[in-house]
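The next block holds one structure in the form of structure tokens; read it before the comments.
The values are calculated or read from the model by the stated rules, or taken from the named source; none is laboratory data. Predicted model, so just to flag it, every value in this text is computed and none were measured. We place every Cβ from the backbone using ideal geometry, glycine too, and count neighbours over all the protein chains shown. With ligands, DNA and RNA removed, areas are computed over all heavy atoms of the protein, side chains included. Shrake-Rupley method; radii C 1.70, N 1.55, O 1.52, S 1.80 Å.
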Amino acid sequence: MSAARTLRVPGRHGYAAEFSPYLPGRLACAAAQHYGIAGCGTLLILDQNETGLTIFRSLDWNDGLFDVTWSENNEHVLITCSGDGSLQLWDTAKPTGPLQVYKEHAQEVYSVDWSQTRGEQLVVSGSWDQTAKVWDPTVGKSLSTFRGHESVIYSTIWSPHIPGCFASTSGDQTLRIWDLKSAGVRIVVPAHQAEILSCDWCKYNENLLVTGAVDCSLRGWDLRNVRQPVFELLGHTYAIRRVKFSPFHASVLASCSYDFTVRFWNFSKPDPLLETVEHHTEFTCGLDFSLQSPSQKK
């Protein structure tokens, strides 16, 4: 584990962190005042070097920002989502405010993700209004709306393998797999007996996902047979806020939790917990692996 680099931004609480797919050492952080309950939000663009983290851009929004995703075709462009039900399209080369604002969701938007499959430029968002929406960032309105969850949606993640396919998790205790072509749900998995706050796709297996829930457990799911999880990882002592598969190792993943820790796991090992990192002194909400460096996590 490399040494931790820390940056404190007074009055802001981080909700999501994502490394740039283009620039080594650059990452984005979505943050909010007052734990996202009230106040404004800030998109922080950070650069890291040998001495630590520095702020390259600080972009403010009038409500808390809860997630961020980088464009897959422009190194300067990002999308954030916020507590006022809107998505914001930013260009870090033009730091004067968002280029566009998409306002269709009726409640907080907690998740946003940019498709990584070739030939698509699509963004998916998930909201407390129980809907997921798919957007083309060049179009001013959503392309389609997906209904079916019976509670707030916490996580929406595109498949890195299958065009037009995304996963979502919700307070209704289900993981759902959606297909853009059929405009509906493909698979419903009753994955936990608790709210599910996060999910992610394995980068090496198109049928494997992991979920993280309020019951403190991580569970792996093979979409070809979802009757039982293919693995369960226990160790967190409070709700798991976010989970990410490694881009470098098929069986390695990381999770962060309201127990203030980040944990690294290898689900193929008899003793799967690789490391527990206890640098944080408050809820740990954001997590990402660097695509450029196998040793870097945020």
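Brief remarks on what is shown
This table checks each residue for (1) modelled with pLDDT under 95; (2) in a loop (DSSP other than H, G, I, E, B); (3) surrounded by fewer than 18 Cβ atoms within 10 Å (Cβ to Cβ).
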{"position": "GLN88", "(1), (2), (3)": "no, no, no"}
{"position": "THR117", "(1), (2), (3)": "yes, yes, yes"}
{"position": "LYS133", "(1), (2), (3)": "no, no, no"}
{"position": "PRO137", "(1), (2), (3)": "yes, yes, no"}
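- Condition met for GLN121 (of a type outside the set (A, V, I, L, M), at pLDDT below 90, surrounded by fewer than 23 Cβ atoms within 10 Å (Cβ to Cβ) and not in a strand (DSSP E or B)): yes
- Leading residue by the ranking (surrounded by the fewest Cβ atoms within 10 Å (Cβ to Cβ)) among those in the stretch 62-86 that are hydroxyl-bearing (Ser, Thr, Tyr) and free of Cβ contacts under 8 Å to residues at least 60 places away in the same chain: SER86
- Screening ASP200 against (1) under 24 Å from GLU108 (Cβ atoms); (2) in a loop (DSSP other than H, G, I, E, B); (3) not small (Gly, Ala, Ser) leaves a single unmet condition, (2).
- Selection over the stretch 173-193 of residues that are open to solvent by 30 Å² or more (accessible area, probe 1.4 Å), outside any strand (DSSP E or B) and either farther than 24 Å from PRO247 by Cβ or basic (Lys, Arg) (or both) gives a count of 6.
- Search result, residues across the stretch 212-232 that are open to solvent by less than 20 Å² (accessible area, probe 1.4 Å) and touching a Pro at 6+ places or on another chain (Cβ under 7 Å): GLY220, TRP221
- Residue list for the stretch 240-260, restricted to those being surrounded by 19 or more Cβ atoms within 10 Å (Cβ to Cβ) and either closer than 13 Å to VAL277 by Cα or hydrophobic (A, V, I, L, M, F, W, C) (or both): ILE240, VAL243, PHE245, VAL252, LEU253, ALA254, SER255, CYS256, SER257, ASP259
- Qualifying residue in the stretch 91-101 (condition: in contact with a Leu (Cβ under 6 Å, 6 or more places away or on another chain), assigned to a strand (DSSP E or B), of a type outside the set (Gly, Ala, Ser) and open to solvent by 30 Å² or more (accessible area, probe 1.4 Å)): yes
- Qualifying residue in the stretch 255-264 (condition: at pLDDT 95 or above and outside any strand (DSSP E or B)): no
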